[in-house]
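As structure tokens, the structure follows; a few thoughts come after it.
The values are calculated or read from the model by the stated rules, or taken from the named source; none is laboratory data. Everything numeric here is computed off the predicted structure, so don't read it as measured data. Every residue, glycine among them, receives a Cβ derived from its backbone with ideal geometry; neighbour counts consider all protein chains shown.
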Ligand SMILES: Cc1cc2nc3c(=O)[nH]c(=O)nc-3n(C[C@H](O)[C@H](O)[C@H](O)COP(=O)(O)OP(=O)(O)OC[C@H]3O[C@@H](n4cnc5c(N)ncnc54)[C@H](O)[C@@H]3O)c2cc1C
């Protein structure tokens with residue numbers, strides 16, 4: 001069986017981002033890499049959005065960037081603006097195409113469908129695939145988005161609606177998210193923060209249909225693209241194996257309070273590529289203990305008081321735009337953290353802090 005210096009299990013966002021970083025920094029001139037990926041074709045399956053808090057490799061895959069965003073509850077609405085950190089959406093189809101075309105020019109890079117086809121005994125392994133089933137009774141962010149094309153020019157393409165809580169909450173946390181790519185084309189998502197056991201929350205088609213008709217007041221439209229997902233808002237436990245380096249969602253790159261993962265994956269990929277020659281010895285990359293701790297408290301409150309969350313999220317955005325963006329993108333300093341923490345209702349957060 002064939003052997004390789006590096007093995008990447010899963011050629012999705014993290015696996016391909018890492019391969020791309022290694023290739024562009026010439027780390028694969030005298031090393032071999034195999035990517036294990038079962039899919040037979042790559043096409044657009046996701047839209048990755050985030051605040052651009054640092055440079056990344058995929059500006060040419062961006063569908064659109066915005067400087068304005070809003071959040072609203074059933075009774076309040078708030079708009080923010082940031083010139084420094086635009087919000088961007090990436091077309092995963094373009095991302096896969098760009099990376100695969102770059103990787104195909106290096107003969108040291110191979111693709112296999114199954115790990116059983118290779119010998120990994122002497123390889124460094126980067127894994128982005130969850131082992132076994134994840135616990136459905138825990139907290140997840142689950143959602144469905146559709147990109148619609150309306151008959152007329154309906155949308156204000158300069159501003160995104162990050163969270164619209166003016167919708168049915170069903171004793172959980174529910175909001176809609178609208179990204180206008182042009183005046184008549186937008187991605188609209190219904191998003192829930194809940195466990196995955198309650199199937200009654202998953203009538204996504206109907207939720208989107210009602211929202212588009214009743215809230216956005218759009219009658220005539222066609223659906224160009226659909227995406228669906230469930231992001232675990234908890235870190236699964238792993239066996240400690242020094243030979244395997246977990247990457248992507250499996251590697252803890254999801255910010256648990258928000259589900260944002262894409263830019264963290266880019267930062268992790270850069271870190272690995274920079275340190276590849278000593279990767280088994282150096283400190284593991286993480287989003288930081290501070291965010292792990294704060295998100296843990298935040299999610300305890302969310303689980304216990306879902307009915308309070310729209311107000312809590314709304315208040316979080318009542319600070320300067322750059323403060324909240326940096327906090328949600330794990331780039332905040334202690335003063336920015338404090339300014340967010342002080343917006344939270346003290347009593348229930350203190351109780352959550354001491355609750356197991
Ligand atoms: C629909 C959707 C939208 C999202 N939107 C955003 C967003 O807007 N912003 C953001 O920051 N994050 C977003 N996320 C979260 C996160 O960025 C993505 O899930 C991202 O794809 C995670 O990258 P990954 O490499 O960990 O997993 P994946 O991209 O899922 O890659 C895992 C790969 O492993 C492959 N695989 C599966 N089984 C095996 C196996 N047995 N052996 C080998 N390979 C296998 C899969 O085919 C896949 O290609 C979104 C997630 C989803 C699902």
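For (1) more than 19 Å from residue 331 (Cβ to Cβ); (2) near the ligand (Cβ under 9 Å from one of its atoms); (3) exposed (fewer than 14 other Cβ atoms within 10 Å of the Cβ), each residue gets a yes or a no:
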| position | (1), (2), (3) |
| --- | --- |
| 250 | yes, yes, no |
| 256 | no, no, no |
| 259 | no, yes, no |
| 265 | no, yes, no |
| 269 | no, no, no |
| 273 | yes, no, no |
| 281 | yes, no, yes |
| 290 | no, no, yes |
| 295 | no, no, no |
On the basis of being farther than 23 Å from residue 280 by Cβ and within 11 Å of the ligand (Cβ to nearest atom), does residue 40 make the cut?
yes
Condition first: surrounded by 21 or more Cβ atoms within 10 Å (Cβ to Cβ), closer than 15 Å to residue 102 by Cβ and touching a strand residue (DSSP E or B) at 6+ places or on another chain (Cβ under 9 Å). Now tell me which residues in region 1-27 satisfy that.
8, 11, 15, 16, 18, 19, 22
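Give me a count of the residues in region 45-55 that are buried (at least 17 other Cβ atoms within 10 Å of the Cβ) and within 11 Å of the ligand (Cβ to nearest atom).
Taking region 45-55 first, the residues buried (at least 17 other Cβ atoms within 10 Å of the Cβ) are 46-53.
Of the ones still in play, those that are also within 11 Å of the ligand (Cβ to nearest atom) are 46-51.
Of the residues in region 45-55, 6 are buried (at least 17 other Cβ atoms within 10 Å of the Cβ) and within 11 Å of the ligand (Cβ to nearest atom).
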Within region 123-134, the count of residues that are surrounded by fewer than 20 Cβ atoms within 10 Å (Cβ to Cβ) and not in a strand (DSSP E or B) comes to 7
Sole miss for residue 246 among (1) more than 16 Å from the ligand (Cβ to nearest atom); (2) in the same structural domain as residue 62 (by TED's automatic domain parsing); (3) buried (at least 20 other Cβ atoms within 10 Å of the Cβ) is condition (1)
The conditions are (1) more than 14 Å from the ligand (Cβ to nearest atom); (2) buried (at least 20 other Cβ atoms within 10 Å of the Cβ), and residue 206 fails exactly one of them. Which is it?
(2)
For the list (1) more than 24 Å from residue 78 (Cα to Cα); (2) outside any helix (DSSP H, G or I); (3) without any contact (Cβ under 8 Å) to a residue 24 or more places away in the chain, I need the number of the one condition that residue 280 fails.
(3)
Within region 56-85, take every residue that is without any contact (Cβ under 8 Å) to a residue 40 or more places away in the chain and buried (at least 18 other Cβ atoms within 10 Å of the Cβ) and give me the one that is farthest from residue 16 (Cα to Cα).
62
Answer yes or no as to whether residue 130 is within 13 Å of the ligand (Cβ to nearest atom), within 26 Å of the chain's Cα centre (by Cα) and over 30 Å from residue 256 (Cα atoms).
no
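Here is a yes/no grid of residues against (1) surrounded by fewer than 19 Cβ atoms within 10 Å (Cβ to Cβ); (2) within 19 Å of residue 162 (Cβ to Cβ); (3) under 21 Å from the mean Cα position of the chain (by Cα); (4) without any contact (Cβ under 8 Å) to a residue 12 or more places away in the chain:
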residue	(1), (2), (3), (4)
298	no, yes, yes, no
301	no, no, no, no
304	yes, no, no, no
308	yes, yes, no, no
318	yes, yes, no, no
321	no, yes, yes, no
327	no, yes, yes, no
333	yes, no, no, yes
353	yes, no, no, no
